[in-house]
Amino acid sequence: MPAATVSFQVPSPLGPRPVTVSYAREGAGEPLLLLHGIGHHRQAWDPVVHILAAEREVITVDLPGFGESPALPDGLTYDLPTTTAVFGAFCEALELDRPHVAGNSLGGLLALELGREKLVRSITALSPAGFWNEAERRYAFGVLLAMRHISRRLPLPLVERLSRSAAGRTALTSTIYARPARRSPEAVVAETLALAGATGFDATLRAGGGVLFTDDIPGLPITVAWGTRDWLLVRRQGVRAKRLIPGARLVRLPGCGHCPMNDDPALVARVILDGSR
């Protein structure tokens, strides 16, 4: 999908600030907004976009400070209220009237926040952040910091060489994929570079240190889905999510890791479509 950009104003303590976001659109039907996780980019959704676009207008977005979206300007922080305001303004700028939303990891948490603010019409959260206990949060943040450190130290020729073999792709991406060999070499190189170059990574991780999602979201169709082989945010967090949001549909994704879109695209697409009827 060809990328586009849109700019809009977001309130801040210093007055309105301009924000620019990179996004892509494909398909026709009710709008479906897809939000990626920390350190990733909108191409994380590529394995499922074409399936979803047969029934939805799909909008994939690079979060501010990730992928091709510039960092937030001075006066705006990478906390949940600000990011929620950014995507409220993004939807208004694109004339998206309460789209369906699906998110993975950080994107799943953002999807739930958008639902809490009644800005969307349905939510599908894939391994959403914010349902951890403190030990699980520290573990996940430690893994993410290690991934970031490695991505910034590996020379590009080495990343390209590793990406050409199944074993190399496993070494680079097995933390987030249960079936890393299925990821294309080009995608592995691109997402390694995206992680290394993410200007919003450190501030987003710092802002997430005290985050817990604790609210029910009545009145919206909500699906929470968790890979059975998610080693980053372990699947018992899905049970906590179901307790907090009793009306949610809790779905297990057999054989899938933390980013299940690549591990089983057909299953993930079906879960998203079923959850956004």
Being of a type in the set (Ser, Thr, Tyr), open to solvent by 10 Å² or more (accessible area, probe 1.4 Å) and at pLDDT below 95 narrows THR214, THR228 down to just THR214
Considering only segment 3-105, give the strands (runs of 3 or more DSSP E) lying wholly within it that have at least 1 residues that are over 16 Å from the mean Cα position of the chain (by Cα).
-> 4-10, 17-26, 30-35, 56-61
Number of the condition not met by GLU95 [criteria: (1) open to solvent by less than 40 Å² (accessible area, probe 1.4 Å); (2) out of contact with any helix residue (DSSP H, G or I) (no Cβ under 6 Å at 6 or more places or on another chain); (3) of a type outside the set (Gly, Ala, Ser); (4) free of Cβ contacts under 8 Å to residues at least 60 places away in the same chain] | (1)
Elements of type helices (runs of 4 or more DSSP H) in segment 218-277, at least 1 residues being within 19 Å of ALA44 (Cβ to Cβ) | 260-263, 265-275
Select from segment 231-256 the residues that are basic (Lys, Arg) and open to solvent by 70 Å² or more (accessible area, probe 1.4 Å) and write down the one among them that is farthest from the chain's Cα centre (by Cα).
-> ARG243
Does segment 188-196 contain any residue that is buried (at least 21 other Cβ atoms within 10 Å of the Cβ) and part of a loop (DSSP other than H, G, I, E, B)?
-> no
Which one of these is touching a residue at least 40 places away in the same chain (Cβ under 8 Å), surrounded by fewer than 20 Cβ atoms within 10 Å (Cβ to Cβ) and touching a His at 6+ places or on another chain (Cβ under 8 Å): GLU55, GLU68?
-> GLU68
Within the bounds of segment 36-44, is there any residue that is in contact with a Gly (Cβ under 6 Å, 6 or more places away or on another chain), surrounded by fewer than 24 Cβ atoms within 10 Å (Cβ to Cβ) and touching a residue at least 40 places away in the same chain (Cβ under 8 Å)?
-> no
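The values are calculated or read from the model by the stated rules, or taken from the named source; none is laboratory data. For clarity, every value in this text was computed on a predicted model and none was experimentally measured. Neighbour counts are summed over all protein chains in view; Cβ atoms, including those assigned to glycine, are modelled from backbone coordinates with ideal geometry. The accessibility values were calculated without ligands, DNA or RNA, using every heavy atom of the protein model including side chains. Shrake-Rupley method; radii C 1.70, N 1.55, O 1.52, S 1.80 Å.
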